[in-house]
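Trainee: Starting off with a structure, shown below.
The values are calculated or read from the model by the stated rules, or taken from the named source; none is laboratory data. Here the structure is a predicted model, which means the values were calculated and not measured. No Cβ is skipped: glycine too gets one built from the backbone with ideal geometry, and neighbour counts run over all protein chains shown. When the accessible area is computed, the model is the full protein with side chains, heavy atoms only, and any ligands, DNA or RNA have been set aside. Shrake-Rupley method; radii C 1.70, N 1.55, O 1.52, S 1.80 Å.
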Amino acid sequence: MAGTKYENILVEKRGANGNVGFITLNRPKSLNALCTPLMEELTSATKEMDLDSSVGAIVLTGSEKAFAAGADIKEMEALEFSKVFKGEFLGRWSEITKVKKPIIAAVNGFALGGGCELAMMCDIIYAGENAQFGQPEILLGTIPGAGGTQRLPRLVGKSRALELILTGNRIKAQEAEKWGLVARVFPTDKVVEEAIKIAEKIASNSKIAVAMAKEAVNTGYETSLEQGIHFEKRLFYATFATNDRKEGMAAFVEKRPAKFTDS
């Protein structure tokens, strides 16, 4: 990450051991509207962190006012069908879901449209008490185009997802937690701190085991229960080829902290 210059995001390392990749969406004048350059930078930064052996987990956040208020409408307004179809507009947004390391979204303020979709691409969502979630694309005469119609029903169920998508209504953080969209709700000024804490805890574990666990859960979301269990078992067996599995079990038996080497 050192030396890489970005215009639309801020990139750094956080945590006591500097093992948490920390990305801030940084287009404050547009409430962090997600434009193509920003998403390209975000893809680049997360891929770089994925390859950084010192990083064990990633936190993605915005400002206190807005995580991301949506996709950049000014960028989309003049586009025609042929251009978005041939150019696969928004097609690369989901690249961050291919990152092996866990990504925690720390959401304050607006997470609407593309902002809500981006949060759902992350592995864990922590929300501040002032957070608002929604898919208001219907109010613009269009529909979600970066996974909203697919990820939202999987997280909150078909009925609740359609209520949001067909009305453009928003839900507050507390309701989002109740629906299962977010993992936890914290005071607005504490959500980033809490996201870093959980990222540090994740980063203290074996990176190989963490990546396998993430892959198993994500694969299970897209397959049958039987196929998912079969895939999980294969990854479970694979851990027996790692030094970290040996160290973790030895440490447990010897009643000492494990010292993982990510090997």
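Trainee: Name the residues in segment 7-21 that are open to solvent by less than 50 Å² (accessible area, probe 1.4 Å) and farther than 21 Å from Asp262 by Cα, would you?
Mentor: Asn8, Ile9, Val11
Trainee: Oh, and also: Can you tell me which of Glu222, Glu194 is more than 19 Å from Phe110 (Cβ to Cβ) and out of contact with any Phe, Trp or Tyr (no Cβ under 6 Å at 6 or more places or on another chain)?
Mentor: Glu222 is the lone residue from the list that is more than 19 Å from Phe110 (Cβ to Cβ) and out of contact with any Phe, Trp or Tyr (no Cβ under 6 Å at 6 or more places or on another chain).
Trainee: Just to be sure, is Ala57 among the aliphatic types (A, V, I, L, M), touching a Lys or Arg at 6+ places or on another chain (Cβ under 9 Å), within 17 Å of Glu137 (Cβ to Cβ) and surrounded by 11 or more Cβ atoms within 10 Å (Cβ to Cβ)?
Mentor: no
Trainee: Among the candidates Glu64, Glu41, Glu88, single out the residue that is out of contact with any Cys (no Cβ under 9 Å at 6 or more places or on another chain), under 23 Å from Ile171 (Cβ atoms), of a type in the set (Asp, Glu) and open to solvent by 10 Å² or more (accessible area, probe 1.4 Å).
Mentor: Glu64
Trainee: May I ask you to list pairs of residues, at least six apart or on different chains, whose Cβ atoms are under 7 Å apart, with the first in segment 78-91 being under 14 Å from Gly145 (Cα atoms) and the second being among the hydroxyl-bearing types (Ser, Thr, Tyr) and open to solvent by 60 Å² or more (accessible area, probe 1.4 Å)?
Mentor: From residues that are under 14 Å from Gly145 (Cα atoms), there are no pairs.
Trainee: Tally up the residues in segment 141-156 that are more than 17 Å from Thr167 (Cα to Cα) and open to solvent by 40 Å² or more (accessible area, probe 1.4 Å), please.
Mentor: 3
Trainee: Confirm whether Glu137 is open to solvent by less than 30 Å² (accessible area, probe 1.4 Å) and among the acidic types (Asp, Glu).
Mentor: Judged against the criteria, Glu137 is a match.
Trainee: Right, something else. Mind checking which residues of segment 239-263 are in contact with a helix residue (DSSP H, G or I) (Cβ under 7 Å, 6 or more places away or on another chain) and loosely packed, with under 15 Cβ neighbours inside 10 Å?
Mentor: If the condition is that a residue be in contact with a helix residue (DSSP H, G or I) (Cβ under 7 Å, 6 or more places away or on another chain) and loosely packed, with under 15 Cβ neighbours inside 10 Å, then Pro257, Lys259, Thr261, Ser263 are the ones that fit.
Trainee: In segment 1-21, how many are in contact with a Leu (Cβ under 8 Å, 6 or more places away or on another chain) and either of a type outside the set (Val, Ile, Thr) or within 15 Å of Ile103 (Cα to Cα) (or both)?
Mentor: Qualifying residue count, segment 1-21: 1.
Trainee: Still on this structure, please answer the following. Looking only at segment 107-124, decide whether some residue is touching a residue at least 60 places away in the same chain (Cβ under 8 Å), surrounded by fewer than 22 Cβ atoms within 10 Å (Cβ to Cβ) and among the acidic types (Asp, Glu).
Mentor: For segment 107-124, residues touching a residue at least 60 places away in the same chain (Cβ under 8 Å), surrounded by fewer than 22 Cβ atoms within 10 Å (Cβ to Cβ) and among the acidic types (Asp, Glu): present.
Trainee: Criterion first (out of contact with any Leu (no Cβ under 8 Å at 6 or more places or on another chain) and either within 25 Å of Phe133 (Cα to Cα) or surrounded by 15 or more Cβ atoms within 10 Å (Cβ to Cβ) (or both)) does Ile73 satisfy it?
Mentor: no
Trainee: Here's a follow-up. Restricting the first residue to segment 238-250 and requiring it to be among the hydrophobic types (A, V, I, L, M, F, W, C), which pairs with a second residue that is in a helix (DSSP H, G or I) and open to solvent by 30 Å² or more (accessible area, probe 1.4 Å) meet a Cβ separation below 8 Å and a spacing of at least six or different chains?
Mentor: Once the first residue is among the hydrophobic types (A, V, I, L, M, F, W, C) and sits in segment 238-250, its partners that are in a helix (DSSP H, G or I) and open to solvent by 30 Å² or more (accessible area, probe 1.4 Å) give Ala238/Met212.
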